[in-house]
1. For the stretch 1-22, give me each residue that is in a helix (DSSP H, G or I) and farther than 15 Å from Leu56 by Cβ.
2. So, in the stretch 158-209, of the ones that are under 20 Å from Val52 (Cβ atoms), of a type in the set (Phe, Trp, Tyr) and in contact with a Lys or Arg (Cβ under 9 Å, 6 or more places away or on another chain), which residue ends up most open to solvent (accessible area, probe 1.4 Å)?
3. Would you call Ser155 of a type outside the set (D, E, K, R), in contact with a strand residue (DSSP E or B) (Cβ under 9 Å, 6 or more places away or on another chain), open to solvent by less than 50 Å² (accessible area, probe 1.4 Å) and touching a residue at least 40 places away in the same chain (Cβ under 8 Å)?
4. Can you list the strands (runs of 3 or more DSSP E) found entirely within the stretch 32-150 that contain at least 2 residues being charged (D, E, K, R) and either closer than 30 Å to Pro163 by Cβ or open to solvent by less than 50 Å² (accessible area, probe 1.4 Å) (or both)?
5. Just give me the residues in the stretch 69-106 being farther than 23 Å from Leu8 by Cα and not hydrophobic (A, V, I, L, M, F, W, C), in sequence order.
Amino acid sequence: MKFTAAILSDYFKLTDLQKSQFEKLGPLYEDWNSKINVISRKDMDNFYIHHVLHSLSIAKVISFKPKTRILDLGTGGGFPGIPLAIMFPECEFVLVDSIGKKITVVNAVAEALDLKNVKGIHSRAEQIPGKFEFIVTRAVASYSDLVYWTRNKYSEKEFNAIPNGLLCLKGGDLRTEIREAKIKPITDEIISFFNFEHFKEKVVSYLPL
């Protein structure tokens, strides 16, 4: 069964503009994926579940307030940053990846959707200037690496419902990672938000500053 953008309205209240942008997202990635492999091709039938809904699980943990600055670390083809930028148009998103062709896709998708709140940068996280209220990432590295790479990237301004911090989309047994990083993240099981087998053992992990 191939899911469409309509599935998102089962879980979120969307404006007509947001619905239109999400509807365009699938065809845009199908087109780009035929040129640059940013998503597993066998995964495209499940695009709206595996990539868009997965990214939006962060929106079930926090509703970013306007003017929040968010850094998407190791964004790949734009996840979770692009879906979150559609969901929170009054926030600023900086999407970073060390692979240039993936950032080419990010910026092209943002332009096609007229997402003026997205900036894709070909760089490493440590070299990105500025400060951010939140950093988001999808399974790009261990907690130890993520904590090290982001240690100087947080703003001192706090105006959201939860303190500034790191929001990771993670999966599997995280006990060793957590022990090695010497941290105490707060985790929410994604399957409690979206009842799909794909999300079994996947979590949103929040590490406040």
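1. Within the stretch 1-22, Asp16, Leu17, Ser20 meet the criteria.
2. Ranking the qualifying residues of the stretch 158-209, first place goes to Phe193.
3. Against the criterion (of a type outside the set (D, E, K, R), in contact with a strand residue (DSSP E or B) (Cβ under 9 Å, 6 or more places away or on another chain), open to solvent by less than 50 Å² (accessible area, probe 1.4 Å) and touching a residue at least 40 places away in the same chain (Cβ under 8 Å)), Ser155 qualifies.
4. Passing ranges, in order: 69-73, 92-97.
5. Arg69, Gly74, Asp97, Ser98, Gly100, Lys101, Lys102, Thr104
Every residue, every condition in (1) part of a helix (DSSP H, G or I); (2) under 18 Å from Val140 (Cα atoms), yes or no:
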site	(1), (2)
Lys157	no, no
Ala161	no, no
Leu169	no, yes
Asp173	no, yes
Glu177	yes, yes
Glu180	yes, yes
Ile183	no, yes
Thr187	no, yes
His198	yes, no
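The values are calculated or read from the model by the stated rules, or taken from the named source; none is laboratory data. In this text the structure is predicted, and so the values were computed from the model without any measurement. When we count neighbours, we look across all protein chains shown, and the Cβ atoms used for this are built from the backbone with ideal geometry, even at glycine. To get the accessible areas, we keep the full protein, side chains included, count just its heavy atoms, and leave off ligands, DNA and RNA. Shrake-Rupley method; radii C 1.70, N 1.55, O 1.52, S 1.80 Å.
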